[in-house]
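Worksheet for the structure shown next.
No lab work stands behind these numbers, since they all come straight from the coordinates. It should be emphasised that the depicted structure is a prediction, and the values quoted were computed from it without experimental measurement. Reconstructed Cβ throughout: ideal geometry from the backbone, glycine too, with neighbour counts over all protein chains shown.
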Amino acid sequence: MKENKKEKTPAVAPDPAALIEVQHLTKSYGQLKVLDDISEKITEGEKIAVIGPSGSGKSTFLRCLNVLEDPSDGHVFFEGNDLCDLKVDINLQRRRMGMVFQQFNLFNNMNVIKNIMLAPVHVQKQDLRKTRTKNFFTRIKNLFRKKDKREPLINYGKTLKQIKIEARENALRLLERIGLADKADAYPSTLSGGQRQRIAIVRALAMNPKVMLFDEPTSALDPEMVGEVLELIKELARGGMTMVIVTHEMGFAREVATRVMFMDGGKIVEQGPPDQVFESPDNPRLKDFLSKVL
Amino acid sequence: MWQIFWKQFYTEGAYKNILLGLRNTLVIAICGLIIGIAIGTIVACVQVAGRRNKVAKVFSVAGDVYTGIFRGTPIVVQLLVFHFIIFASVDIDGLTEAILVFGLNSGAYVAEIMRGGILSVDAGQLEAGRTLGLSYPAAMLKIVFPQAVKNVIPTLGNELIALTKDTSVAGFVGTIDLTVAFRAISSATYEFIVPYIMLAVVYLAIIIIFTVIIRLAERRLRRNERK
């Protein structure tokens, strides 16, 4: 049956200036085409707001950017690495792409500080173990080499204990920044939605990501708590973080974004600077959408 | 009739047999459950992984066959098959054999329980772990699995209770368990009422103790959720 399988679009060499480049991204569930041949470039420092009616493929587009959703066709490049290529270690790339979900998705079985520390400690521990294994083999190989040809051992520079202490300090610093240091030992189920979402954001920040992906970060919140979360995202934006935000908060999109994308029917129908998109929209579908939500 | 029972129980030394039976019943139930949890967890993990990995898929089919066979046949039949066919030419004592069969049997049930537990954890938890750069096995192990275990404790307790009562058929392969020990008294004295009521009371007591222990364990695991 292999002949029947549609050939995938071959990848073109990515633009080195783009942080994320999407080429002919298509995603379909059976007959339903959710994303239809999207090609887009995102450069460093851009803040992109993705707006559009429900079912237009906004969230799917975002989830394809870190291949949480496997694209049916097309390619996603992050810093020149093709994320759809099985040879690329996706876990290594995802470390530098933070993601924040509508439903927060804090780990329920861990308290706040462990939530934040888990990933930094885990990945560094993994690296440490890898260097140790490598050193072990170099040592064995060195036994059979002449003195002047011996390979030097790699020094990871940190012990497991140091990794943990550092991660803890960093986590506390991040919690301090959002004013929740006193909640470090609390469990997620005891926190309010706004607190949970802010912790989810700093959890992603703990990995020092190059880009942050927000999937409707305020849609599951009480109106009261939307403000505190948006404020934190704005602060990040001012700090120069590259971000892609799927949102229904038009005022926020207008204020923060450097570029607004309007999606409909799996395509990016119109995009441009926020003033242009909100003030003088060309596309009739966008006009209709804006008249309903503004 | 109490005198008859007491005479057989104490003076004739049947209580030794009953203590042995009690020990065997507990050993079979607890060791069986431990084996069952070990097998069940592995089978469940393979089945969950089988949804996305082709190699695991092959093993997951094998797991389906295993659960199908052991859930689809009565435990007595399994005991007889193992005793008279599989272990027919092997010198193995009845207790080990019973532990093995009950372990395999409960493994099939625990596999389904564990699978349900893993699936009951919100998919977002795994996604959040993956987006932070954890591999699939690491995210499963550190995030999904601990939550699944917590969800599964009440059902596992139920399995322990069911298993304990099922051990009453272990006598089919020559193991002395509680039922066999009490039956020995009644057949020696032709007195049925007291031994069998006592037997029921002993089983009831065991189950009540297990229930309390499970409750305590459950509460302990849930404690950290609200603090």
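In this label model, residue B:11 and residue A:147 are separated by 9.4 nm, measuring between points 7 Å along each Cα→Cβ vector.
Dividing the convex hull volume of the alpha carbon atoms of the stretch B:2-226 by its residue count gives 141 Å³ per residue. Using 0.36 nm per residue and subtracting the Cα-Cα separation, the extra length available between residue B:73 and residue B:92 on full extension is 4.6 nm. Which FRET efficiency, nearest 0.05, do residue A:220 and residue B:2 yield, Cβ-Cβ r, R0 56 Å? Approximately 0.25, to the nearest 0.05. All C-alpha pair distances within chain A, sorted into 10 Å bins from zero, spread as 6, 24, 29, 23, 12, 5, 1, 0 percent across the bins. Where does the charge balance sit around residue A:101 when Lys and Arg score +1, Asp and Glu -1, over other residues with C-beta under 12 Å from its C-beta? Neighbourhood net charge equals 0. With both labels modelled 7 Å from their Cα along Cα-to-Cβ, the residue A:169 to residue A:189 distance reads 3.5 nm. The string of couplings for the stretch B:167-180 from the Karplus curve (6.51, -1.76, 1.60, θ = phi - 60°) is 5, 5, 9, 5, x, 4, 10, x, 8, 8, 10, 3, 4, 4 Hz, one whole number per residue in order, with x for Gly and Pro.
Take each residue of peptide B:141-154, count the partner chain Cβ atoms within 10 Å of its Cβ, and average: the result is 2.
For the stretch A:15-86, the alpha carbon convex hull comes to 82 Å³ per residue, rounded to a whole number.
Local charge sum around residue A:210 (other residues, Cβ-Cβ under 9 Å, Lys/Arg +1, Asp/Glu -1)? Write down the numbers at each step before the final one.
Details: positive: A:96; negative: A:44, A:79.
With Lys, Arg at +1 and Asp, Glu at -1, the net is -1.
Across chain A, the mean sequence separation of Cα contacts (distance under 8 Å, 6 or more residues apart), normalised by length, yields a relative contact order of 26 percent. Out of all DSSP beta bridges with both ends in the protein assembly as shown, state the antiparallel percent to the nearest 5. Around 55 percent antiparallel, to the nearest 5. Our summary gives the stretch B:2-226 a relative contact order of 30 percent, counting only alpha carbon pairs under 8 angstrom and 6 or more residues apart.
Working note: Karplus 6.51/-1.76/1.60 with θ = phi - 60° gives the stretch A:106-121 the couplings 6, 6, 5, 8, 10, 7, 4, 5, 5, 3, 6, 6, 3, 5, x, 5 Hz, where Gly and Pro are set to x.
Distant-in-sequence amide contacts of residue A:34, defined by a placed amide H-H separation under 5 Å and a gap of 5 or more residues or a different chain, comprise A:27, A:28, A:29.
Which of B:216, A:62 comes first, and how do the rest follow, when ranked by fewest Cβ neighbours within 10 Å? Provide the component values of the computation, followed by the final result.
Details: B:216 10, A:62 21.
In order of increasing Cβ crowding within 10 Å: B:216, A:62.
Amide H to amide H, with H built 1.01 Å from N, residue A:270 comes under 5 Å of A:262, counting only residues 5 or more places away or on other chains. For residue A:84, nonlocal amide neighbours, meaning residues 5 or more places apart or on other chains whose placed amide H falls under 5 Å from its own, are A:76.
Figure legend: label point modelled 7 angstrom from the Cα of residue B:65 along Cα→Cβ; no residues of the stretch B:14-52 have amide N under 14 Å from it. If you look at the Cα atoms of the stretch A:215-266, you get an Rg and a Dmax of 11.4, 33 Å.
In a shell of Cβ-Cβ distance under 15 Å around residue B:84, excluding residue B:84 itself, what net charge do Lys and Arg (+1) and Asp and Glu (-1) give?
Surrounding charge for residue B:84 is -2.
Calculated from the alpha-carbon coordinates, the protein assembly as shown shows an Rg and a Dmax of 30.8, 102 Å respectively. Computed from backbone phi, the HN-Hα couplings of the stretch A:285-294 come to 5, 5, 4, 4, 4, 5, 5, 7, 9, 8 Hz, rounded to whole numbers (Karplus: 6.51 cos²θ - 1.76 cosθ + 1.60, θ = phi - 60°; Gly and Pro given as x).
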